Amino acid sequence: MLVDSHCHIDFPELADDLPNVLARMQQNGVTSALCVGVTIEHLPRLLAIADAHPSIFASVGVHPDNAADPEPSLDDLLRLAAHPKVVAIGETGLDYHWHKDRPEWQRQRFRTHIAAARQSVKPLIIHTREAAADTLQIMREAGADRVGGVMHCFTEDWETACAALDLGFYISFSGIVTFKNAVALKEVAKRVPLDRLLLETDSPYLAPVPFRGKLNQPAYVRYVAEEVARLREMPLEELAAASSDNFFRLFSCALRP
Ligand SMILES: [Zn+2]
Ligand SMILES: [Zn+2]
């Protein structure tokens with residue numbers, strides 16, 4: 001049994017083929033997936049998918065890259081997070097790769113999400129890219145450790161992983177860990193404590209080897225799991241069970257299949 005802790009099956013690339021996407025999950029033993037929100041505007045579409053499928057959970061957030069989106073208020077996030085299938089706040093965080101000017105609105109948006117997570121008592125899904133120091137600083141200042149969460153699609157170094165683990169966060173590996181050149185990341189994947197490790201696809205992006213460059217989907221979390229199990233020299237079944245347990249512990253999903 002496997003779980004995809006982070007995907008975007010509400011995006012048209014996957015939503016337009018949803019029956020097949022869900023069938024392939026089942027064929028590959030992927031029993032659940034968390035479909036992560038990136039805009040308020042398209043959230044109804046995401047929630048409709050989660051409502052229609054017991055195996056799909058949802059989160060509420062406005063992605064740090066979405067500069068043109070209207071700022072969500074704390075009340076907006078709290079109101080939407082009350083939906084019964086919403087198990088987390090995010091994705092949120094900082095991305096200085098696409099915003100090299102390091103805008104203050106991005107940090108403010110991140111703080112609003114942390115406040116929403118604390119008030120709704122739901123874990124955070126954090127996206128950080130080329131912004132590790134500021135991300136950790138805001139997590140500390142805003143009390144993100146009170147709710148915890150996951151550093152999704154982790155690509156940072158071991159020191160950053162340790163800092164996030166110290167704040168009670170989980171570390172999630174995507175298809176990037178299967179890439180040949182991801183040497184440092186493979187080392188991190190070997191060292192993260194087994195009870196803090198999650199797996200994800202971030203589909204439709206970042207397809208793992210052997211589908212690199214192609215359209216990704218939740219079923220392919222299996223290839224991420226195979227690589228992490230290989231790196232840790234442990235049976236796939238053991239890694240799958242541990243990472244699935246971690247997922248349901250973190251997101252406290254009542255509807256475990
Ligand atoms: Zn992300
Ligand atoms: Zn994402």
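The values are calculated or read from the model by the stated rules, or taken from the named source; none is laboratory data. Just so it is clear, the structure is predicted and the values come from calculations on it, not from any experiment. Every residue, glycine among them, receives a Cβ derived from its backbone with ideal geometry; neighbour counts consider all protein chains shown. When the accessible area is computed, the model is the full protein with side chains, heavy atoms only, and any ligands, DNA or RNA have been set aside. Shrake-Rupley method; radii C 1.70, N 1.55, O 1.52, S 1.80 Å.
Of the residues A219, A48, A33, the one that moves most in a GNM of the chain with alpha-carbon contacts below 10 Å is A48.
Of Q27, Q108, Q217, the residue with the greatest mean-square motion in the GNM of the chain, using alpha carbon springs below 10 Å, is Q27.
Here, the chain yields an orientationally averaged convex hull projection of 12.1 nm² when only Cα atoms define the hull.
Give the aspartates and glutamates reachable from K85 as a straight Cα distance under 14 Å; neighbours fewer than 8 places away on the same chain don't count. By straight Cα distance, K85 reaches D51. Were the residues from K100 through R212 laid out at 0.36 nm apart, the gain over their Cα-Cα distance would be 37.6 nm. Between the alpha-carbon centres of region 96-148 and region 183-255 there is a gap of 23 Å.
With the simple model of a label 7 Å out from the Cα in the direction of the Cβ, E238 to A184 spans 2.9 nm. When only the Cβ of Lys, Arg, Asp and Glu is charged (+1, +1, -1, -1), the dipole of the chain relative to its Cα centre reaches about 380 debye.
Candidate cross-link partners of K186 among the aspartates and glutamates, defined by an alpha-carbon separation under 13 Å and a same-chain spacing of 8 or more, comprise E156, D157, E226, E227, E233. Solvent exposure of the chain amounts to 42 Å² per residue of accessible area, where only protein heavy atoms count and the probe is 1.4 Å.
For region 2-250, the carbon plus sulfur part of the accessible surface works out to 53%, probe radius 1.4 Å. Computed on the Cα trace of region 100-248, the radius of gyration divided by the Kirkwood hydrodynamic radius gives Rg/Rh = 0.97. Taking a straight Cα-Cα cut-off under 16 Å and skipping sequence neighbours fewer than 8 places away in the same chain, the aspartates and glutamates within cross-link reach of K100 are D65, E130, D134.
Size of region 128-204: Rg and Dmax of its alpha carbons, in Å, are 12.1, 37.
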